Amino acid sequence: MAAGLAGLGTGVLAWSTLVEPRAFVLREFEVPVLPSGAAPLRVLHLSDLHLVPGQRAKQEWVRSLAALRPDLVVTTGDNLAHQDAVPAVLDCYEGLLDLPGVFVLGSNDYFPPSPKNPLRYFNDSHTKGAERTAERLPTRDLVDGFTGAGWLDLTNSRQSLEVNGVRLEFAGVDDPHLGYDRYDEVAGPPAPDTDLLIGVTHAPYQRVLDAMTSDGARLLLAGHTHGGQVCVPFYGALVTNCDLDTGRVKGLSRWWPGAGSTPSSAAPQSAAWLEVSAGLGASPYSPFRLACRPEATLLTLV
C-alpha cells in the first residue's frame, strides 16, 4: 500500500513538472459584446509567460500563434522570469508584434521571482514586490520593445484603437497585486463614438473589475491567477492569488459591480464578460501544473 502511494505521488510529481507545464492549449470563446451589424473580431489573449531564456518549447508554441492572424493581441503581463528574458520574449512575440496590440504589466515584469512558501498563497501573506527584493527587472526594455512595434501601453492609461472598422476603447491599470493600479486616473464613461470599452488588468481584483464595469466596460481581460496552477482533479482551483472567487479563476464568466462571489448564473443582463487566462507559465521556483494546462485564449467578439 505504501509503495503504491509513493509510486502514485512520484507519478503525479513527474506529470506536474515535466509533462503538463509543456502541454500548451489554445482556448476559444465567442463573446457577444459588439454592436449589431459589426464584423466579428478575433482577439488573442496571452498572459503570464514567466519566461526564462532557454524555454524553447514555450517560445516555439507562442511563436506559432502568429499563424492565427488575430485582429488584435492583448497581453496581460508577467512576461519575465529572468534578468535576461526580454530578448526571448520579444523573439517569441515577433510575428504577433506586427499586429495591432495592447498590454499591461504584472509584478513579474518589475521584480524577479524568488522562492516562496506556497501555503502562504492561501491567506495572501506572502511578500510582494519591493518588500520582497530590491532587485529590478529590465522593465523599460520590455515596454520599449512592445511600444516600438506599435502596441499600446495601457499602464494606468485610457486609449482607443480602430480595428476592422470597430472603434475600441481600452481602460488599463498597472498591477493591482502590487497596489500600482490608479484607475481614478483613467475613470469615466466611453467616448460617444466607442463601439466597445474593454478593461485590461493583470490581476483581477474586485475593486478594479467593479470600477471598470461601473464605467461601462463590456469586456474585462486579466491573468495572474494561473488558473489555480495546482488544481484538484474534478474539483478545481483552491486559490486565485487575489480576491476573485475560485469559480472565476479562469475562462469566461460574468461580472458586474458588487458581484463578489455570486455565481455568473445570477448575472444581470447588463453584466460584463470577464475572461481570465490561466497563463502560459509559472515561477521557476514552483514550475508545477496539475489539472490546469498552460493556455492562450482566442476570443471571437461578435
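The values are calculated or read from the model by the stated rules, or taken from the named source; none is laboratory data. None of the values given here were measured: they were computed from a predicted structure. Cβ: placed from backbone, ideal geometry, glycine included. Neighbour counts: every protein chain shown.
Identify all residues within region 153-185 that are among the hydrophobic types (A, V, I, L, M, F, W, C), touching a Phe, Trp or Tyr at 6+ places or on another chain (Cβ under 9 Å) and surrounded by 20 or more Cβ atoms within 10 Å (Cβ to Cβ); write none if there are none. I'd like the intermediate steps shown before the answer.
Of all residues in region 153-185, those among the hydrophobic types (A, V, I, L, M, F, W, C) come to 154, 161, 163, 166, 168, 170-171, 173, 178.
Now narrow it down to the ones that are touching a Phe, Trp or Tyr at 6+ places or on another chain (Cβ under 9 Å): 154, 161, 171, 173, 178.
Within region 153-185, LEU154, ALA171, VAL173 qualify.
Within region 235-249, does at least one residue satisfy the condition of being aromatic (Phe, Trp, Tyr) and in contact (Cβ under 8 Å) with a residue 12 or more places away in the chain? Break it down stepwise before answering.
Of region 235-249, the ones aromatic (Phe, Trp, Tyr) are 235.
Restricting the remaining residues to those that are in contact (Cβ under 8 Å) with a residue 12 or more places away in the chain gives none.
Checked against the condition, which is being aromatic (Phe, Trp, Tyr) and in contact (Cβ under 8 Å) with a residue 12 or more places away in the chain, region 235-249 yields no hits at all.
Please go through region 242-260 and pick out each residue that is over 16 Å from VAL208 (Cβ atoms), in contact with a strand residue (DSSP E or B) (Cβ under 6 Å, 6 or more places away or on another chain) and not basic (Lys, Arg).
If the condition is that a residue be over 16 Å from VAL208 (Cβ atoms), in contact with a strand residue (DSSP E or B) (Cβ under 6 Å, 6 or more places away or on another chain) and not basic (Lys, Arg), then LEU252 is the only one that fits.
Inside region 159-177, can you point out the residues that are in contact with an Asp or Glu (Cβ under 8 Å, 6 or more places away or on another chain) and without any contact (Cβ under 8 Å) to a residue 24 or more places away in the chain?
Across region 159-177, there are no qualifying residues.
Somewhere in region 256-271, is a residue within 17 Å of the chain's Cα centre (by Cα) and closer than 22 Å to VAL173 by Cα? It would help to see each step written out before you state the result.
So in region 256-271, the residues within 17 Å of the chain's Cα centre (by Cα) come out as none.
Checking region 256-271: not a single residue is within 17 Å of the chain's Cα centre (by Cα) and closer than 22 Å to VAL173 by Cα.
Every residue in region 206-224 that is within 27 Å of PRO287 (Cα to Cα) and either without any contact (Cβ under 8 Å) to a residue 40 or more places away in the chain or in a loop (DSSP other than H, G, I, E, B) (or both), please.
Selection gives GLY223, HIS224.
Residue check: is SER283 within 23 Å of PRO176 (Cβ to Cβ), surrounded by fewer than 22 Cβ atoms within 10 Å (Cβ to Cβ) and at pLDDT below 95? Working first, answer last.
Values: within 23 Å of PRO176 (Cβ to Cβ): yes; surrounded by fewer than 22 Cβ atoms within 10 Å (Cβ to Cβ): yes; at pLDDT below 95: yes.
The answer is yes for SER283.
For region 35-52, what are the residues that are surrounded by fewer than 22 Cβ atoms within 10 Å (Cβ to Cβ) and either under 16 Å from the mean Cα position of the chain (by Cα) or part of a strand (DSSP E or B) (or both)? Explain how you work it out, then say what you get.
Taking region 35-52 as the starting set, the residues that turn out to be surrounded by fewer than 22 Cβ atoms within 10 Å (Cβ to Cβ) are 35-40, 42, 52.
Result: ARG42, single match.
Out of region 73-110, which residues are out of contact with any strand residue (DSSP E or B) (no Cβ under 7 Å at 6 or more places or on another chain), surrounded by fewer than 24 Cβ atoms within 10 Å (Cβ to Cβ) and within 21 Å of GLY172 (Cα to Cα)?
Answer for region 73-110, where residues must be out of contact with any strand residue (DSSP E or B) (no Cβ under 7 Å at 6 or more places or on another chain), surrounded by fewer than 24 Cβ atoms within 10 Å (Cβ to Cβ) and within 21 Å of GLY172 (Cα to Cα): LEU97, SER107, TYR110.
Of the conditions (1) part of a loop (DSSP other than H, G, I, E, B); (2) at pLDDT 95 or above, ALA296 fails just one. Which one is it?
(1)
Exactly one condition in (1) in a loop (DSSP other than H, G, I, E, B); (2) more than 20 Å from the chain's Cα centre (by Cα); (3) farther than 23 Å from ARG42 by Cβ is false for ALA203; which is it?
So the condition that ALA203 fails would be (2).
Please go through region 247-302 and pick out each residue that is among the β-branched types (Val, Ile, Thr) and under 20 Å from GLY106 (Cβ atoms).
First, pick out the residues of region 247-302 that are among the β-branched types (Val, Ile, Thr): 249, 262, 276, 297, 300, 302.
Correct list: VAL249, VAL276, THR297.
Got a sec? Which of GLY188, GLY148 is in contact with a Lys or Arg (Cβ under 8 Å, 6 or more places away or on another chain) and of a type in the set (Gly, Ala, Ser)? Reasoning before the result, please.
On the way: GLY148 fails: in contact with a Lys or Arg (Cβ under 8 Å, 6 or more places away or on another chain).
After ruling out the rest, the residue left standing is GLY188.
Kindly indicate which of LEU238, LEU252, LEU221, LEU290 is at negative phi and buried (at least 23 other Cβ atoms within 10 Å of the Cβ). Steps first, answer last, please.
Numbers: LEU238 fails: buried (at least 23 other Cβ atoms within 10 Å of the Cβ); LEU252 fails: buried (at least 23 other Cβ atoms within 10 Å of the Cβ); LEU290 fails: buried (at least 23 other Cβ atoms within 10 Å of the Cβ).
It is LEU221.
Of all residues in region 225-267 being of a type in the set (Val, Ile, Thr) and assigned to a loop (DSSP other than H, G, I, E, B), which is nearest to HIS202 (Cα to Cα)?
Going through region 225-267, the residues of a type in the set (Val, Ile, Thr) turn out to be 225, 230, 232, 239-240, 246, 249, 262.
Next cut, assigned to a loop (DSSP other than H, G, I, E, B) only: 225, 239-240, 249, 262.
On the way: THR225: 9, VAL239: 16, THR240: 13, VAL249: 13, THR262: 22 Å.
Selected residue: THR225.
When you scan region 80-98, how many residues do you find that are touching a helix residue (DSSP H, G or I) at 6+ places or on another chain (Cβ under 8 Å) and part of a loop (DSSP other than H, G, I, E, B)?
Matching residues across region 80-98 total 4.
Is there a residue in region 53-72 that is buried (at least 23 other Cβ atoms within 10 Å of the Cβ), part of a loop (DSSP other than H, G, I, E, B) and on the phi > 0 side of the Ramachandran plot?
no
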